[in-house]
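Read-outs: derived from the displayed coordinates by stated rules, not from any lab. Since the model is a prediction, treat every value here as computed from it, not as a measurement. Virtual Cβ from ideal backbone geometry, glycine too; neighbours counted across all protein chains shown.
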Amino acid sequence: MTDRIASFLLFFPIFLFSLSFHEYAHGWVAFRLGDSTAKFLGRLTMNPLRHIDWIGTFLFPLMMFLMPGLLLFGWAKPVPIDPRNIRGGRQGTLKVAAAGPVSNILLAVVIAGILHALVSLPPSKTLVIIYEMLETGVYLNLMLATFNLIPLHPLDGGKVMEGILPARYLASYDQIGRYGFLILFLLLYSGALKYLMIPVLSLARLLLP
């Protein structure tokens, strides 16, 4: 148990940074498209304290981390967006929704680049800790991106799907969206999401040194 708590403390900083970067990306793209809601409310920032949801960002991930066999899951406070202010209608909203997962993919690639640079340095205990934390960051960000792209509300993938679907299908899709939380819960606790993550983990290994 002590080892798992120590592993969580090593994992948590990169987890918190990744969630903050994800939410900042939503707010930044919305701001660029004309919506100042996040900026007005002080959420257009990388300060993690502005994005923490104490249950979703800390308690829930810790609980799942301590229970072997469960896929790690968590969330931050969603950045507030007003679709009425966003230029481009549904396509603009799609861009805002996609910004979060795309930011996690970019972050995974950047972290992998840093890891490739670190392997040329002389080994040390500090370097090993940094390497392990960053390696976790690659896996984590690819998993966050993939999970958030599942086409169900309230995930980003649900909003992306709304921007892609022809208008005549939106009402039916919204009906399915009412059960999004329940479907996600079943996917999470049935272990089905692990199968979705298998190719993601393979991709992460390709990025790592």
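Which value in nm describes the separation of the simple spin-label points at Ala117 and Val200, placed 7 Å from the Cα toward the beta carbon?
Here the modelled spin labels are 2.7 nm apart.
Over what distance in Å are the Cα centres of region 17-65 and region 174-209 separated?
Cα centroid to Cα centroid, the span is 21 Å.
Just name one of Leu142, Gly158, Ile130: the one whose Cα is farthest towards the positive end of the charge dipole of region 129-191 (beta-carbon charges, Lys/Arg +1, Asp/Glu -1).
Gly158
Can you put Ile198, Ile176, Ile150 in order of Cβ neighbours within 10 angstrom, beginning with the fewest?
Listed from fewest to most nearby Cβ atoms, that is Ile198, Ile176, Ile150.
Below 25 Å Cα-Cα, how many Lys pairs turn up in the chain? Only count pairs eight or more apart in sequence, or on different chains, if you could. Please list the in-between numbers first.
Working: Lys39/Lys77; Lys39/Lys95; Lys39/Lys159; Lys77/Lys95; Lys77/Lys159; Lys77/Lys194; Lys95/Lys159; Lys159/Lys194.
Lysine pair count for the chain: 8.
Summing Lys, Arg as +1 and Asp, Glu as -1, what charge do residues with Cβ under 14 Å from the Cβ of Val138 carry, Val138 excluded?
Once all neighbours under 14 Å are counted, the net charge is -1.
Using just the helices of the chain, give the 222 nm mean residue ellipticity in deg cm²/dmol: DSSP H runs with n ≥ 4 each add -39,500 (n - 2.57), and the total is spread over all residues, rounded to 500.
-22000 deg cm²/dmol
For Rg and Dmax of the Cα atoms in Å, the choices are (i) 40.3, 118; (ii) 16.4, 51; (iii) 17.9, 60; which was calculated from the structure?
For Rg and Dmax of the Cα atoms in Å, the calculated option is (iii).
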